[in-house]
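J.: One structure, as structure tokens, below. Some questions next.
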Amino acid sequence: MCDTVSIAIDGPAAAGKSTVARKVAHALTYIYVDTGAMYRALTLKTIKEGADLSSEKEVLEVLMKCDIQFEQTDEGQLVFVNGEEITKEIRTDEVTRHVSAVSSYPEVRIEMVNRQQKMIAGQNVVMDGRDIGTKVIPEADLKIFMIASVEERARRRYEENKRSGYESDLEVLMEEIKRRDDIDSTRTASPLVKAKDAVEVDTTSLSIDNVVERILDLVNERVKTR
Ligand SMILES: Nc1ncnc2c1ncn2[C@@H]1O[C@H](COP(=O)(O)OP(=O)(O)OP(=O)(O)O)[C@@H](O)[C@H]1O
Ligand SMILES: Nc1ccn([C@@H]2O[C@H](COP(=O)(O)O)[C@@H](O)[C@H]2O)c(=O)n1
């Protein structure tokens, strides 16, 4: 019998997965793993090395040379590739534009899923992404499929950018979110889908704290903490 607890949070772009996952992990003193950051790190590294983003072989070669690590700090999670800190760089528009194509490559996904499973072995974890409940932890104790209307998700990103001192266009953000969701949910290799046993949480009209509370209630109701 497995004696650790795992909570899988999947859903479309900007639904609030990472914000909520981090808080839930903190409340439960579990580790938190942001798998999107791993695909972003690979995309950044591929761009920096001048490798061909449209070649699965070249992207995979880059991945095999990348050691991706996380470090939890009071200010949030830091992301490193081969010892270099790239936390902010992986959030640029250029990386966001290319990440869904990079993460659609089947061989890349096999390697990433393998690394993610090793990373969480023997640990209580909250993990977020697109295929956590379906591929990475199909046996997860609790699976959440987090959604929100595309208008609300774009509005949240717009506000987030504004807080960071960066003006953006709401319509452009909405189109970018739709494009990424479309690629992520129509790719052949582990597309974004709701796992059969996942609980859908629509966050459109919920505050961050409301969503965290809802998930902690679900943990209390459904997960036998060991
Ligand atoms: N329930 C909520 N109410 C209001 N704002 C929220 C809510 N949840 C998240 N946010 C805000 O929405 C933005 C997007 O959230 P977050 O980055 O957690 O989404 P995500 O699903 O992890 O996105 P991605 O998959 O693109 O990384 C952030 O600015 C966050 O603070
Ligand atoms: N498990 C995952 C996680 C992410 N992706 C891909 O990465 C992109 C960026 O993810 P964010 O959560 O940081 O927005 C995402 O759009 C997917 O293309 C994935 O495939 N599987």
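J.: Can you give the relative contact order of the chain as a percent, counting alpha carbon pairs under 8 Å and 6+ residues apart?
T.: 33
J.: Using helices alone, I'd like the mean residue ellipticity at 222 nm for the chain: each DSSP H run of four-plus residues gives -39500 (n - 2.57), total over residue count, nearest 500.
T.: Here the helix-only value at 222 nm equals -15000 deg cm²/dmol.
J.: Ok, one more. Tell me which of Val5, Ser164, Ala101 sits at the most positive position along the dipole axis of the chain, charges placed on C-beta atoms (Lys, Arg +1; Asp, Glu -1).
T.: Sorting the options by dipole projection puts first Val5.
J.: Turning to a different aspect of this structure: Full-extension gain between Tyr166 and Val223, please, as 0.36 nm times their residue separation minus the C-alpha to C-alpha distance.
T.: Fully extending the segment from Tyr166 to Val223 adds 16.5 nm.
J.: What full-extension length gain, to one decimal in nm, is calculated for Thr204 and Asp93 as 0.36 nm per residue of separation minus the Cα-Cα distance?
T.: Full extension of this stretch gives 37.5 nm more.
J.: Could you list, bin by bin from short to long, the percent of Cα-Cα pairs of the chain in 5 Å steps?
T.: 1, 7, 14, 19, 21, 18, 12, 5, 2, 0, 0
J.: Sticking with this one: Would you mind checking the pairs Lys135/Lys224; Lys118/Lys196; Lys65/Lys224; Lys45/Lys178; Lys23/Lys118; Lys178/Lys224 and listing those with alpha carbons more than 32 angstrom apart?
T.: Lys65/Lys224; Lys178/Lys224
J.: Taking only Cα atoms and a 10 Å spring cutoff, compute GNM fluctuations for the chain and point out the largest among Lys135, Lys23, Lys88.
T.: Lys88
J.: Using a cut-off of 19 Å between alpha-carbon atoms, which aspartates and glutamates can reach Lys48, once sequence neighbours fewer than 8 places away in the same chain are excluded?
T.: Glu56, Glu58, Glu61, Asp67, Glu84, Glu85, Glu89, Asp93, Glu94
J.: While we're here: Please pull out the direction-averaged projected area of region 106-163, using the convex hull of its alpha-carbon atoms, in nm² to one decimal place.
T.: Result: a mean projected hull area of 5.8 nm².
Every number in this text was worked out from the coordinates using simple rules, so none of it is lab data. Worth saying up front: this structure is predicted, and the values here are computed from it rather than measured. Quick reminder, even Gly has a Cβ in these numbers, built from the backbone with ideal geometry, and neighbours come from all protein chains shown.
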